[in-house]
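Below: one structure, written as structure tokens.
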Amino acid sequence: MLPGIFPALALILGKFSPITLSTYPVRSDTPAASTVYIEDTQTTFSINLPDNSTDVYFYFSSPSYSWVAVGVGSDMAGSLMMIMYSASDNQHVTISPRIATGHSEPTFTTDVQVEVLDGSSIQNGFFVMNALCRGCRSWNGGSLNLSTTVQPFIYAVGPNGVPISSDSQTAGLRRHDSFGHFTMNMVQATGLGGVPLASNITSGATLLGSLVKDGDKASKAHGFLMALVALVIIPFDVIIIGLFKWPMLHVFTGSLVLFLVLTAMGLGIYVSTEYNRSKHFDSSHQVIGFISVGGLLVLASIGIYLRRMQKTADKSDKAGQNSKFTSIHTWAARCIWLLLIINNGL
């Protein structure tokens, strides 16, 4: 009797045990893939390396920030990045392969060719990109290590509220609001070729550390200081010298203006080197800025000269000359103030 019980018991347990629930076989036509899902930004990136070609397939999705990027490598320098942002119709996605030379805006490269495949669009507020990349396994400055299980990658998202709507692959990018690092298993990603299946489950990838909050703080500080000078301190200084005739306070406010403007210029130069559109220092904002700062330095020199003459020179002998310099100082100050106000709006 007992031997007959065990087969029946096994049959009953087989029907109800979760361990022996029937499973669907893995489809033989499913592309190999390694996938990372970044919960903080709701970004998914999957990579596929066909074992019978040198191409790279990838699936890339993320909420529609101004831009989203994934790059190969542990640092920006030499990294090949895939950057996506909204196309001009706000229904499709532009993908831009770029290479960075340092911690600055990456530059579009023609060394690789990215083909946008079916299913790529903006869907329910998400960028969705299915793509095939030719030449993405190696490039000028780096390569994928196809035999490693811990290939370094970086990711970043652009600021909210500053949308890009462009079909150009060279569209200007604002500094990232946040960024991070992860690794991917290139061995797992190698196999049958094709765009990886959409998934929000990490497989064959590891996030390194947490999301790093960033932002364009230097640019904001530059704008704040220049607005403070043009809209607050200089008008206050005009009242002091025009109505109350307080020369010592005028000296203080004038020195403060010069210090803040020089500080803002330093920040502006630093910010300009981060962007492709401004690193040549030939925009109207930059040209007017340099003219204004140069004018302020001349203005300060005239002010120092007048102050010294008031203390040391015979007023009767120098009255006419000082009057001319005073007039130049006054009108130059007005012109520079006007330039600063105009430049704040550019």
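Readers should treat all values here as calculations from the given coordinates under stated rules, not as data from a laboratory. Just so it is clear, the structure is predicted and the values come from calculations on it, not from any experiment. Glycine gets a Cβ as well: all are built from the backbone with ideal geometry, and neighbour counts include every protein chain shown.
Arranged from highest to lowest average of other beta-carbon atoms within 10 Å per residue, in what order do the peptides 262-269, 238-245, 103-110 appear?
Ranking the peptides 262-269, 238-245, 103-110 by packing returns 262-269, 103-110, 238-245.
On full extension of the chain, what length is gained from SER323 through ILE304, given 0.36 nm per residue of separation minus the C-alpha to C-alpha distance?
Value of the extension gain: 5.4 nm.
Mean-square fluctuation check for the chain, GNM, Cα pairs under 10 Å: which of ASP75, ASP118, ASP167 is largest?
ASP118
Label point 7 Å out from LEU146 along Cα-to-Cβ: which residues of region 51-79 have amide N under 20 Å?
What the label zone holds, given the 20 Å backbone N cut-off, is 51-59, 72-73.
Under the Cβ-under-4.7 Å rule, which cysteines of the chain stay unpaired?
Here CYS335 come out as lacking a disulfide-compatible partner, given the Cβ-Cβ threshold of under 4.7 Å.
Would you kindly state how much longer the chain becomes between PHE259 and LEU297 on full extension, computed as 0.36 nm times their sequence separation minus their alpha carbon distance, in nm to one decimal?
Net length gain for the segment: 12.6 nm.
Mind telling me which of TYR57, TYR155, TYR270 comes out most flexible in a GNM of the chain, alpha-carbon contacts under 10 Å?
With Cα springs under 10 Å in the chain, the top fluctuation among TYR57, TYR155, TYR270 is at TYR270.
Student exercise: in the chain, how many lysine pairs 8 or more apart or on different chains have Cα atoms under 25 Å apart?
Here the count comes out as 9.
When every alpha-carbon pair in region 34-215 is counted, what percent end up more than 26 Å apart?
In whole percent, the long-distance tail amounts to 20.
What number, rounded to the nearest 500 deg cm²/dmol, is the helix-based mean residue ellipticity at 222 nm of the chain, given -39500 (n - 2.57) per DSSP H run of at least four residues and division by all its residues?
-12000 deg cm²/dmol
Starting from 0 in steps of 10 Å, tell me what percent of the Cα-Cα pairs of region 218-344 lands in each bin.
The calculated distribution, bin by bin, is 12, 41, 28, 14, 5, 0.
Just grab the label-to-label distance for ALA218 and CYS335, each label 7 Å out from Cα along the Cβ direction, in nm (one decimal).
3.1
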